[in-house]
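The values are calculated or read from the model by the stated rules, or taken from the named source; none is laboratory data. This one's a predicted model, so the numbers in the text were calculated from it and none came from an experiment. Ideal geometry is used to build each Cβ from the backbone, glycine not excepted, and the neighbour counts take in all protein chains shown. For accessibility, only protein heavy atoms count, side chains too; no ligands or nucleic acids. Shrake-Rupley method; radii C 1.70, N 1.55, O 1.52, S 1.80 Å.
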Amino acid sequence: MATTRDQAAQLRILIIEDVEDDALLLVDQLISGGFEFDWQYVDTEISLSAALSRPWNIVLSDYSMPTFSGARALQIVREHDPDLPFIIVSGAIGELAAVEAIRAGANDYVMKDNLARLLPTVDRELRDSRLRRERRESEQMLRKLSLVVKQTTDSVFITDPQGHIEYVNPAFERLTGYAAEEVSTSKPDILHFNRQQDGFRPEIWRTLSRGEVYRGTLVNRRKDGGLFYEETVIAPLKDEHHRTTHFVSTGRDISLRVQAEQDRTRLAAILEATPDLVAILDPGGGLRYLNRSGRELLGLQSQDTIEARSLKDLFPERVAQRLLGEIMPALRCDNWWTGESTLRVAGGGELPVSLVVLAHRDSDGHIEYLSTTARDISERKHFEAELEHRATHDSLTDLPNRYFLIDRFNSALERARRHGTCVAVLFLDLNNFKRVNDSLGHAAGDTLLQQVALRLKSCLRPNDSVARHGGDEFTIIVDDLGRAESALTVLGKLNTLFETPVDVGSEEVYVTFSTGIALYPHDGDTVDDLLRYADTAMYRAKSSGSCQYRFYSPEMNARGHEFLRMEADLGRALELGEFRLYGQPQVEVRSGRLACVEALIRWQHPARGLVSPTDFIPLLENSGMIIAVGEWVLRQACAQHRQWRGAGFDTQRIAVNVSAAQFSDDGFLDKVRRTLHEERMPAQRLELEITENIVMQDPDGASEVLRDLHALGVRTAIDDFGTGYSSLAYLKRFPLDVLKIDRTFVADLDRDPGDAVIVEASISLAHKLGLEIVAEGVESRQQLDFLRDHRCDLAQGFCLSRPLPGEALQELLPKVWG
């Protein structure tokens with residue numbers, strides 16, 4: 001049976017008693033003595049064990065109980081808590097039993113017939129219990145501290161106030177190599193390192209003598225003479241009178257850390273001193289460290305932050321994405337990447353570098369950080385380029401040599417095969433060069449060759465090539481020719497260029513060539529064959545007399561002579577008034593009404609009759625006459641439109657084609673303004689047609705010209721849409737009015753599903769861009785019906801009308817096409 005009475009007090013008393021009245025008697029006795037407490041009484045072993053799960057300050061126990069003895073209760077309590085006060089309160093315990101109980105761990109006993117002793121006994125035992133518990137806890141703590149000192153990896157030694165060593169722990173022995181008995185009564189100077197600063201150890205004692213704790217790093221010497229770095233804390237131990245009784249020194253061997261810091265310092269110094277760029281990056285490529293050379297290359301000051309920069313910022317935009325696409329997969333797979341690239345440096349310049357990027361992984365195999373080094377290889381690249389240049393160029397004239405020419409020739413043939421164009425190879429032999437060498441000397445001959453090379457280079461297009469074939473022979477590759485006869489235009493430029501003499505020292509030398517010409521694809525399709533044929537043609541020219549040219553093909557010779565005669569006639573055609581202006585209607589597909597007339601030039605030759613534009617317009621473009629003739633067409637078209645308006649025919653507008661040379665002419669806009677003013681032409685009635693290739697050659701420059709035309713009120717159209725290289729993004733930017741679908745797509749749209757799709761898509765695109773759409777080359781009713789069904793705006797072609805002279809066309813102006 002167990003009874004509990006709870007009171008709000010700190011004291012808790014457990015009573016072991018088989019008679020409840022006796023338990024209450026003890027409680028009353030304690031209360032009368034001024035105790036305030038919680039209490040519980042138990043009378044069985046089971047209830048005692050359960051009660052001990054709660055904390056108690058003292059146990060009062062009967063000794064003789066019918067079912068439970070006091071000795072057993074004492075045993076259970078002592079197993080639970082050896083310091084818990086246990087007082088026997090019995091009415092029948094004998095002296096021997098009492099002594100035995102005291103020996104077993106009881107703290108005292110009180111007879112029930114003398115309860116006056118109970119109060120002082122309880123008070124004394126509570127006080128002694130606290131002291132015993134505190135002493136036991138102190139002893140346990142002391143044992144723990146002793147174990148800590150013995151088992152710690154830090155060195156610990158204790159000295160008396162004079163600094164004599166009284167105790168060292170095992171870690172001290174392991175660190176210094178000295179056994180405890182070897183250093184007993186010695187001073188710490190036994191570890192003194194002679195290279196230590198002279199005032200260093202005295203400073204320690206001055207700090208300690210002030211009662212302060214010393215903290216610092218010492219360089220000590222082991223018993224075997226080896227040195228080690230020790231992070232040391234020395235503290236004074238003071239008694240209750242604040243007198244120092246001992247000093248305790250704890251030290252930690254930081255030799256590895258110091259060595260690592262020294263290594264890092266040396267490495268950092270090396271990294272900062274190296275001329276290579278060195279960077280450390282996070283796994284995503286963000287910069288975390290950049291050495292001094294890297295900052296100088298990138299134009300960063302020491303105070304500039306780098307955290308916002310990444311690996312891709314080191315490279316020009318054109319290579320960054322491609323390069324990172326190579327680097328990152330290689331790092332994930334192989335942990336390294338090496339190669340050559342271009343670094344973006346301060347001032348917007350570029351620097352060729354040899355690049356190494358490494359991935360550094362943690363213990364789990366994840367990439368922890370990246371490192372990269374970039375070495376300047378510009379000098380090597382320059383040297384390599386110089387070597388390559390020497391290997392591929394003639395040392396005297398600095399022109400490409402035969403080997404380099406063959407490489408360029410192969411590239412020109414590949415382009416011609418892809419685009420269906422012609423390539424001409426001109427083999428030039430300098431006439432009478434031997435006479436110059438013999439009369440003026442070899443130095444003069446070398447100077448002549450150098451001057452000739454400079455003139456040859458000056459008259460060629462960027463994609464053409466000229467090379468010294470050997471001796472006094474030169475080879476020219478003319479690329480991207482629309483017509484084979486156009487090679488003679490280049491020859492004409494050369495002849496004009498050498499009409500003035502070449503200065504050789506104090507002498508003037510007139511230079512003439514014998515020229516052989518071979519053509520791809522007319523004469524052959526391999527480099528070796530064409531070079532051999534051009535050489536053969538050159539010897540034919542040479543045998544025909546000085547300053548002659550010959551094609552390899554006899555047929556081409558005849559055509560060439562005809563071409564030159566036509567070119568000569570064309571040069572006089574504008575002056576003689578032989579050009580004619582024709583026009584072809586552009587008709588609204590839905591209504592059949594005339595919307596626009598495209599002005600077209602024709603050449604009325606006095607002997608040849610009406611010459612096709614395909615025969616003479618390339619000659620105009622190659623000769624440069626296209627600018628003057630183009631201005632004539634513009635003025636004539638505006639005058640024709642004014643004439644129609646005067647006759648009462650209000651044609652909506654007239655369209656004029658603009659060549660590439662006109663469009664890039666600096667005076668083009670002024671010519672348009674002047675023509676509009678002088679011909680009293682409403683700007684909105686003039687439409688200028690420009691091919692997409694023209695505007696895409698220089699999109700920014702083209703955009704500026706188109707904006708100026710738009711500001712004038714002149715309409716602009718993109719001609720031959722879909723046949724060249726165009727960017728929809730640029731088309732959206734340009735201030736355009738019209739797109740013209742090229743005739744090549746219209747010709748087969750009723751038979752070729754692919755062409756039909758292109759035409760349909762072009763119509764849809766134009767409408768979405770807010771542009772008018774015109775289909776060229778409409779030659780059948782089926783084509784016209786297709787265009788009408790797909791909402792094409794305008795149509796132009798033989799189905800509606802052929803190009804006609806102005807007078808004949810005037811009769812059609814009121815017509816409505818069905």
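So the check is Cβ under 7 Å with 6+ separation or different chains; which pairs have a first residue in the stretch 11-22 that's without any contact (Cβ under 8 Å) to a residue 40 or more places away in the chain and a second one that's of a type outside the set (D, E, K, R) and surrounded by 17 or more Cβ atoms within 10 Å (Cβ to Cβ)?
Nothing qualifies.
Being open to solvent by less than 70 Å² (accessible area, probe 1.4 Å), free of Cβ contacts under 8 Å to residues at least 12 places away in the same chain and in a helix (DSSP H, G or I) is the requirement here; does Asp529 meet it?
Considered against the rule, which asks whether it is open to solvent by less than 70 Å² (accessible area, probe 1.4 Å), free of Cβ contacts under 8 Å to residues at least 12 places away in the same chain and in a helix (DSSP H, G or I), Asp529 comes out as yes.
Confirm whether Val110 is within 30 Å of Ile204 (Cα to Cα), surrounded by 12 or more Cβ atoms within 10 Å (Cβ to Cβ) and without any contact (Cβ under 8 Å) to a residue 60 or more places away in the chain.
no
Exactly one of (1) open to solvent by 50 Å² or more (accessible area, probe 1.4 Å); (2) of a type in the set (S, T, N, Q); (3) under 16 Å from Asp742 (Cα atoms) is unmet by Gln782. Its number?
(3)
So which residues in the stretch 139-165 are surrounded by 14 or more Cβ atoms within 10 Å (Cβ to Cβ) and under 60 Å from the mean Cα position of the chain (by Cα)?
Those that are surrounded by 14 or more Cβ atoms within 10 Å (Cβ to Cβ) and under 60 Å from the mean Cα position of the chain (by Cα): Val149, Thr152, Asp154, Ser155, Val156, Phe157.
So, Ser310, is that one within 21 Å of Val356 (Cα to Cα) and of a type in the set (S, T, N, Q) or not?
For Ser310, the condition - within 21 Å of Val356 (Cα to Cα) and of a type in the set (S, T, N, Q) - is met.
Filter the stretch 347-381 for residues that are part of a helix (DSSP H, G or I) and more than 17 Å from the chain's Cα centre (by Cα) and give the result.
Gly347, Ser378, Glu379, Arg380, Lys381
Is it true that Gln640 is in contact with a Gly (Cβ under 6 Å, 6 or more places away or on another chain), in a helix (DSSP H, G or I) and under 30 Å from Leu494 (Cβ atoms)?
no
Can you list residue pairs whose Cβ atoms sit under 7 Å apart, with the first residue in the stretch 74-100 being of a type in the set (D, E, K, R) and the second being open to solvent by less than 40 Å² (accessible area, probe 1.4 Å)? Count only pairs 6 or more apart in sequence or on different chains.
What qualifies is Arg78/Gly105; Asp83/Ser129.
Can you find a residue in the stretch 653-661 that is in a helix (DSSP H, G or I) and surrounded by fewer than 20 Cβ atoms within 10 Å (Cβ to Cβ)?
Taking every residue of the stretch 653-661 in turn, at least one turns out to be in a helix (DSSP H, G or I) and surrounded by fewer than 20 Cβ atoms within 10 Å (Cβ to Cβ).
Would you point out which residue out of Ala424, Ala391 is hydrophobic (A, V, I, L, M, F, W, C), in a strand (DSSP E or B) and more than 22 Å from Gln451 (Cβ to Cβ)?
Answer to the check: Ala424.
Checking Arg136 against (1) open to solvent by less than 50 Å² (accessible area, probe 1.4 Å); (2) farther than 30 Å from Gln259 by Cβ, only one condition comes out false. Which one?
All conditions are met except number (1).
Could you check how many residues of the stretch 312-357 are without any contact (Cβ under 8 Å) to a residue 24 or more places away in the chain, open to solvent by 60 Å² or more (accessible area, probe 1.4 Å) and in contact with a strand residue (DSSP E or B) (Cβ under 6 Å, 6 or more places away or on another chain)?
Selection size over the stretch 312-357: 2.
Kindly indicate the residue of the stretch 5-37 that is part of a helix (DSSP H, G or I) and among the β-branched types (Val, Ile, Thr) and also nearest to Leu74 (Cα to Cα) among those meeting that condition.
Val27
Take Arg72 and tell me if it is of a type in the set (Lys, Arg) and open to solvent by 50 Å² or more (accessible area, probe 1.4 Å).
Against the criterion (of a type in the set (Lys, Arg) and open to solvent by 50 Å² or more (accessible area, probe 1.4 Å)), Arg72 qualifies.
Being closer than 27 Å to Val757 by Cα, open to solvent by less than 10 Å² (accessible area, probe 1.4 Å) and part of a helix (DSSP H, G or I) is the filter here, so list the residues in the stretch 680-717 that pass it.
Scanning the stretch 680-717 gives Glu692, Val695.
Being part of a loop (DSSP other than H, G, I, E, B) and open to solvent by less than 40 Å² (accessible area, probe 1.4 Å) narrows it down to one residue among Gly211, Gly251, Gly216, Gly294; which is it?
Just a single option satisfies the conditions, and that option is Gly211.
So, in the stretch 299-311, of the ones that are surrounded by 15 or more Cβ atoms within 10 Å (Cβ to Cβ) and within 15 Å of the chain's Cα centre (by Cα), which residue ends up modelled with the lowest pLDDT?
Filtering the stretch 299-311 for residues that are surrounded by 15 or more Cβ atoms within 10 Å (Cβ to Cβ) and within 15 Å of the chain's Cα centre (by Cα), the one modelled with the lowest pLDDT comes out as Leu311.
Quick one: how many residues across the stretch 496-522 are open to solvent by 30 Å² or more (accessible area, probe 1.4 Å) and under 52 Å from the mean Cα position of the chain (by Cα)?
4
Taking Leu794 as meeting all but one of (1) at pLDDT below 90; (2) out of contact with any Gly (no Cβ under 9 Å at 6 or more places or on another chain); (3) open to solvent by less than 40 Å² (accessible area, probe 1.4 Å), write down the number of the exception.
Leu794 satisfies every listed condition except (1).
Quick check on my filter: what residues within the stretch 610-628 are open to solvent by 10 Å² or more (accessible area, probe 1.4 Å), without any contact (Cβ under 8 Å) to a residue 60 or more places away in the chain and part of a helix (DSSP H, G or I)?
Across the stretch 610-628, the qualifying residues are Pro613, Thr614, Asp615, Ile617, Glu621, Ile626, Ile627, Ala628.
Select, from Ala595, Ala599, the only residue that is touching a helix residue (DSSP H, G or I) at 6+ places or on another chain (Cβ under 7 Å), small (Gly, Ala, Ser), at negative phi and assigned to a strand (DSSP E or B).
Ala599
Given the criteria part of a helix (DSSP H, G or I), of a type outside the set (S, T, N, Q) and open to solvent by 40 Å² or more (accessible area, probe 1.4 Å), does Asp720 qualify?
No, not satisfied.
Based on this model, can you work out whether Asp742 counts as open to solvent by 20 Å² or more (accessible area, probe 1.4 Å), at negative phi and either more than 40 Å from the chain's Cα centre (by Cα) or of a type outside the set (A, V, I, L, M) (or both)?
The answer is no for Asp742.
Being surrounded by fewer than 15 Cβ atoms within 10 Å (Cβ to Cβ) and touching a Lys or Arg at 6+ places or on another chain (Cβ under 7 Å) is the filter here; which residues of the stretch 762-779 pass it?
Leu769 - this is the single residue of the stretch 762-779 that is surrounded by fewer than 15 Cβ atoms within 10 Å (Cβ to Cβ) and touching a Lys or Arg at 6+ places or on another chain (Cβ under 7 Å).
Could you grab me the full set of residues in the stretch 381-403 that are without any contact (Cβ under 8 Å) to a residue 24 or more places away in the chain and either out of contact with any Pro (no Cβ under 8 Å at 6 or more places or on another chain) or loosely packed, with under 11 Cβ neighbours inside 10 Å (or both)?
Those that are without any contact (Cβ under 8 Å) to a residue 24 or more places away in the chain and either out of contact with any Pro (no Cβ under 8 Å at 6 or more places or on another chain) or loosely packed, with under 11 Cβ neighbours inside 10 Å (or both): His382, Phe383, Glu384, Ala385, Glu386, Leu387, Glu388, His389, Arg390, Ala391, Ser395, Tyr403.
Check Arg635 against each of (1) farther than 30 Å from Thr421 by Cβ; (2) open to solvent by 50 Å² or more (accessible area, probe 1.4 Å); (3) at pLDDT below 90 and name the one condition it does not meet.
(3)
Out of the strands (runs of 3 or more DSSP E) lying entirely within the stretch 467-518, which hold 2 or more residues that are under 18 Å from Ala412 (Cβ atoms)?
Answer list for the stretch 467-518: 473-481.
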